[in-house]
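The values are calculated or read from the model by the stated rules, or taken from the named source; none is laboratory data. Not measured: the values here are computed from a predicted model. Heads up, the Cβs are rebuilt from the backbone with ideal geometry, glycines too, and the neighbour counts pull from every protein chain shown.
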């Protein structure tokens, strides 16, 4: 990835590395385990559109065809994670079975500071996510595509 | 036919015989010589029930035989009868080797004398009328026909019709007899007439049944007086009022068209407004979605800014793999991020504000439209109510009328059918009544006045020849079945003239009938010239006894000699004919003298 391209992630208004990464950090903190990239994609989606998994109301308004976000997330999450890894806010574990990510003490410190309304709302969903991670993980794409958006 | 011989025989007795010839045969002699016996014998051979009274001279005689001859010597036959009551008659066919057959004396039983004898003159199987009211009939029998060619001394002076028995008046059968003889047509039609009359009872019964039936099942009440015409008129009226109702309905519908038209317009407006409301509602929903997006985006921006602030404080860590410094490729300009974030948030707020106003105004539009819509819907309901009131009710009325009309029509048809049936029955009754009335209650013997007139003329000619006073003025009175001479009925004459007239009648009838073939061709007259009888003087002094004028007596015998050579007339009388007439006739004299001539009928032993 060239410098220009990397910079473009920050030039967006929404779904910037900061935004995506922060959410990833929150997720990893609450799950307190090693999570793969794909699982993280799904957890992030579930955090935003929890209602579709039988959870609390959606964090983001469900605009038509928002299922496509999963593809986008898969594409941009690695950059956001890398951004946070560089600042020591997410740990990466490279094992024989693949790359895994987890939170650390710094992550905890970081997320404790976040007081905006958005993050307050997120915590409610994160609690639910932690309790229902098995259900979320077992949901297939087809399930998501056919659920009401 | 003529009578050839009469013979009375008995075992060991000499027969009493008389032989006759064509033309006039006179047996003259005093009483007690057996003249009456001879007459009775003839009656007996012609089928009478009782044989001649057993006179002294007749004792020992057991059989009677009379020989007849037809067609000049050919076809001779003998009738033989035992002198016993109700004995059978034996027919002996002389020309056919004397074959014998037995005949019953009365017309009942078969074969019988009546059938045998009458069939020779075509007079068998003739039916006579016996009563015009009762329509009873009688066959023309030997006993009846005998009256016409055999007259005994009692009947010849009878005041009753020569056609009868001389005692009772049997008007109908006598008229029937004379008509049948004169015209050849009998009264067998009476049989059918009687059947018809009897059927009258049946028809009467049928009529009663019909009338009862009519009264029972088709009673004439005040209501059902309606004739077919009236019923038709009622139906017409019903149909007319139905058409009227239909017309009214159509008028109403037309006048309601304006209402209907107005309703349609309002409906269209309402629908338009309704669609607008729906579209606006959808719009609001979309706006609300956008609103949420804006709000969410604003939150995210705020969150990002906060996160950025904290991240900036973090120092770049070493590469966790190799521990080297990570390339410093990403510097985040925190100030720019904060500022641009704030700017974006401001923009969003502005958008939100606009959106809120838009949403409000749309909502206001929706509210206004909704109230307008409910106004329209009220209007429509009002119009509907009006329509219902006008048309709906009328429709109900119309339907009710239709139902009533249908009931009326059915009832009418039923009445009409009843009326129809009724008039059919009435006409059947009428027909039966006509048939009933047409059947006659009495039988009328056909008119034969023409023939009767001819007979009267014949008799008249005879009486004229006999020099009978006013003989030219003779008529046959059908009412009395007797002759009227010079306006005087025969019954009003004295004994003598009565007898002469009777004889003229009998002979005249023979003259009339022999050419027709309806007469034996012989007559037997006992005491036609009855005069005062010495024998009876002591017992019955008869005041209206008339002594016939001599010229009449002469004329009588003369005429019989001259004009009846082709037929046979047998006269038995006290009165002897004139001497110079005797050669012209077959004269048999009973002298009543054992020494002179023939004593009487029976030989003296």
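Conditions tested, residue by residue: (1) farther than 30 Å from residue B:283 by Cβ; (2) at pLDDT 75 or above.
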position	(1), (2)
B:312	yes, yes
B:315	yes, no
B:319	yes, no
B:327	yes, no
B:335	yes, yes
B:362	no, yes
B:384	yes, yes
B:388	yes, yes
B:409	yes, no
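Within segment B:240-255, can one find any residue that is in a helix (DSSP H, G or I), surrounded by 14 or more Cβ atoms within 10 Å (Cβ to Cβ) and over 60 Å from the mean Cα position of the chain (by Cα)? Within segment B:240-255 (the criterion being in a helix (DSSP H, G or I), surrounded by 14 or more Cβ atoms within 10 Å (Cβ to Cβ) and over 60 Å from the mean Cα position of the chain (by Cα)), the answer is yes, since at least one residue qualifies.
For segment B:460-477, filtered to residues that are in contact with a strand residue (DSSP E or B) (Cβ under 7 Å, 6 or more places away or on another chain) and part of a helix (DSSP H, G or I), the residue that is surrounded by the fewest Cβ atoms within 10 Å (Cβ to Cβ) is B:460. On inspection, residue B:291 qualifies as more than 8 Å from every other protein chain (Cβ to nearest Cβ) and modelled with pLDDT of 90 or more.
Report yes if some residue within segment A:17-26 is crowded, with 21+ Cβ neighbours inside 10 Å, modelled with pLDDT of 95 or more and more than 11 Å from chain B (Cβ to nearest Cβ); otherwise report no. Checking segment A:17-26: at least one residue is crowded, with 21+ Cβ neighbours inside 10 Å, modelled with pLDDT of 95 or more and more than 11 Å from chain B (Cβ to nearest Cβ). Looking only at segment B:118-172, residues that are touching a residue at least 40 places away in the same chain (Cβ under 8 Å), in a helix (DSSP H, G or I) and closer than 23 Å to residue B:108 by Cβ come to 8 in all. Contact annotation: residue pairs with Cβ atoms under 6 Å, 6 or more positions apart or on different chains, pairing a residue in segment B:12-34 that is surrounded by fewer than 16 Cβ atoms within 10 Å (Cβ to Cβ) with a partner that is modelled with pLDDT of 90 or more, are B:15/B:7; B:15/B:9; B:17/B:7; B:19/B:5; B:21/B:586. Each residue in segment B:329-371 was checked for being surrounded by 16 or more Cβ atoms within 10 Å (Cβ to Cβ) and away from chain A (no Cβ under 14 Å), and 4 pass. Checked against the criterion of being at pLDDT below 90, outside any helix (DSSP H, G or I) and within 7 Å of chain A (Cβ to nearest Cβ), segment B:303-310 contains not a single residue that satisfies it.
So, in segment B:3-36, exactly how many residues are over 29 Å from residue B:555 (Cβ atoms) and not in a strand (DSSP E or B)? Of the residues in segment B:3-36, 6 are over 29 Å from residue B:555 (Cβ atoms) and not in a strand (DSSP E or B).
Identify all residues within segment A:93-117 that are crowded, with 16+ Cβ neighbours inside 10 Å and within 11 Å of another protein chain (Cβ to nearest Cβ); write none if there are none. Steps first, answer last, please.
Going through segment A:93-117, the residues crowded, with 16+ Cβ neighbours inside 10 Å turn out to be A:100-103, A:106-107, A:110-111, A:114, A:116.
Listed by number, the residues that qualify are A:106, A:107, A:110, A:111, A:114, A:116.
Would it be correct to say that residue B:417 is closer than 30 Å to residue B:510 by Cα, without any contact (Cβ under 8 Å) to a residue 24 or more places away in the chain and under 47 Å from the mean Cα position of the chain (by Cα)?
Spelling it out, it is not the case that residue B:417 is closer than 30 Å to residue B:510 by Cα, without any contact (Cβ under 8 Å) to a residue 24 or more places away in the chain and under 47 Å from the mean Cα position of the chain (by Cα).
Scanning segment B:432-459 for residues that are in contact (Cβ under 8 Å) with a residue 24 or more places away in the chain and either assigned to a helix (DSSP H, G or I) or more than 22 Å from residue B:188 (Cα to Cα) (or both) turns up B:432, B:433, B:435, B:436, B:449, B:451, B:452, B:454, B:455, B:456, B:458, B:459.
So which residues in segment B:263-288 are touching a residue at least 12 places away in the same chain (Cβ under 8 Å) and either within 11 Å of another protein chain (Cβ to nearest Cβ) or under 30 Å from residue B:386 (Cβ atoms) (or both)? Residues satisfying the conditions are B:263, B:266, B:267, B:269, B:270, B:273, B:274, B:276, B:277, B:288.
For every residue, the table says whether it meets (1) assigned to a loop (DSSP other than H, G, I, E, B); (2) out of contact with any strand residue (DSSP E or B) (no Cβ under 8 Å at 6 or more places or on another chain); (3) closer than 30 Å to residue A:106 by Cβ.
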site: A:57; (1), (2), (3): yes, yes, no
site: A:62; (1), (2), (3): yes, yes, no
site: A:70; (1), (2), (3): no, yes, yes
site: A:76; (1), (2), (3): no, yes, yes
site: A:79; (1), (2), (3): no, yes, yes
site: A:85; (1), (2), (3): no, no, yes
site: A:88; (1), (2), (3): yes, yes, yes
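Selection of segment A:131-149 for residues being assigned to a helix (DSSP H, G or I) and surrounded by 14 or more Cβ atoms within 10 Å (Cβ to Cβ) yields A:133, A:136, A:144.
Give the number of residues within segment B:107-123 that are surrounded by fewer than 18 Cβ atoms within 10 Å (Cβ to Cβ), at pLDDT below 90 and either over 13 Å from residue B:89 (Cα atoms) or in contact with a helix residue (DSSP H, G or I) (Cβ under 8 Å, 6 or more places away or on another chain) (or both). Total satisfying the criteria: 1.
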